[in-house]
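The structure appears below as structure tokens.
No value in this document is a laboratory result; all are computed from the given coordinates. On a predicted model such as this, the values are computed, not experimentally measured, just so you know. Here Cβ is always computed from backbone atoms with ideal geometry, including for glycine, and neighbour counts include all displayed protein chains.
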Amino acid sequence: MFGVVDRYLAATWLRLFLLCQGGFLSIYLVLDFIEKFGRFSKAGGSFADILQFFLYKLPEMIGQTMPFSVLMATLLALGMLSRSSELTALRSCGLSIPRIVAPLLVLGLFCSLLLLVNAEFVVPKSYQQMEHVEKVVIRKQGINTFFRLNNIWFRSNNLILQAALFEPATRTLKGVTVWDLSADMQPLRRLDAEKAVYGEQGWELVTVRERRFSGRGGVTSTARLPVPLTLKVDDLRILDNNADNFSFRKLREYAVSLEQGGYAAGRYRTMMHAKLALPFGAFVMVVLGIPFALKTGRASGVAMGIGAGVAIGFAYFIINAAIQSYGRSEVLPPFVAAWGANVVFVLAGIWLAMTVKQQ
């Protein structure tokens, strides 16, 4: 009996979830298309290029809309079952509320895992393709738009790098100066190079002039000289505009690189933990939506379910953004800032569930 009930509840929820997800995606696509079509057309983009842009943007849209769809499906499914007295019938058969809603919790957790995979493996690649289509194909901009191109400074342990220019196509830094410092920040040597090339073994200086300040000092020249810099090509990307679409691994690497250079990385540490916390917002929506739907019971119509879903969803994302802002400004620890909203709303869902049991 339990298997039949689980399949019935899961099928009811899935039908509503797919309907809500399709509706949200359609609204998102139409509004975004109306906003961007005119600008892309004026920039010289063809209709096929514009369609390609939105195709690459779909994974990002799914990540943003799925928690709303999960919440809406939960509210509507339980509301419909309550109005048709099916919940009452199930309880009269000896099934408890936790046992009845268990399939919904499993489905919510499954959606969160899908969002996690989407955010870690799909969105970063699709976002890069989307940016390429927009900036290179449609707007006819060069690839250099994506990178920090000049006046580059980077600290790597006891080394400080200064470069005048970065060429992304050849992964080359031009006009390079590297200072090698002692533990008490005294200069040991200075390396001036025509360029630095990034290869499989890391950075290698080309046409190097080395000036030593310790011992007898002196100046020597060499054709090529490897330097143990922790700087990576991806570190030269302009992160502030698109870091939210980077993977957890990429954000962690960048945060570690900043910390090794002696810089604060609270902003990127918060983003890094948020890459894991945000996908579980779908599961949080189920935890919060179940008791809310059960409390309203038969009085909840479709309009009320939609209104409640929108209100709860916006409240979650507003509170989550507010708490994360404290983490990015290093007022709160990054882990706390990233997971704070999830904890608050799960506790709210548990409290609502306790009040339902008392009715």
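Between the helical axis of 281-296 and the longest alpha-carbon principal axis of the chain there is an angle of about 20 degrees. Which angle between 0 and 90 degrees, to the nearest 10, do you get for helix 2-42 versus the longest principal axis of the chain when only C-alpha atoms count? Roughly 50 degrees, rounded to the nearest 10. Taking the inverse of the mean reciprocal distance over all distinct Cα pairs, the Kirkwood hydrodynamic radius of region 85-195 comes to 19.8 Å. Computed over the chain, the P(r) tail beyond 26 angstrom holds 62 percent of alpha carbon pairs.
Kirkwood radius and radius of gyration were both taken over the C-alpha atoms of region 1-146, and their ratio Rg/Rh is 1.17. Taking Cβ atoms as reference points and 9 Å as the exclusive limit, the residues near residue 219 contribute a net charge of +2, counting Lys and Arg as +1 and Asp and Glu as -1. On a 0 to 90 degree scale, rounded to 10, what angle separates helix 302-328 from the longest Cα axis of the chain? Around 30 degrees separate the two axes. For the pair residue 206 and residue 121, a Förster radius of 30 Å applied to the C-beta separation gives a FRET efficiency near 0.25, rounded to the nearest 0.05. As a check on your grasp of the helix formula, calculate [θ] at 222 nm for the chain: sum -39500 (n - 2.57) over DSSP H runs of n ≥ 4, divide by the residue count, round to the nearest 500. One gets -20000 deg cm²/dmol as the mean residue ellipticity at 222 nm. Just to be sure I follow the definition: excluding the sites themselves, where is the longest run in the chain that has none of the trypsin sites (Lys or Arg not before Pro) in a DSSP loop with at most 10 other Cβ atoms within 10 Å? Counting at most 10 other Cβ atoms within 10 Å as exposed, the longest clean stretch of the chain is 217-359.
Using the Stokes-Einstein relation with a Kirkwood hydrodynamic radius computed over Cα pairs, the translational diffusion coefficient of region 148-232 at 20 °C and a viscosity of 1.002 mPa s comes to 164 µm²/s. Region 200-231 and region 1-56 have their alpha-carbon centroids 54 Å apart. Among residues other than residue 336 with Cβ under 15 Å from its Cβ, the summed charge is +2 (Lys and Arg +1, Asp and Glu -1). Counting only aspartates and glutamates at least 8 places from residue 125 when in the same chain, those with an alpha carbon closer than 20 Å to its own are 49, 60, 134, 234, 235, 240, 244, 253.
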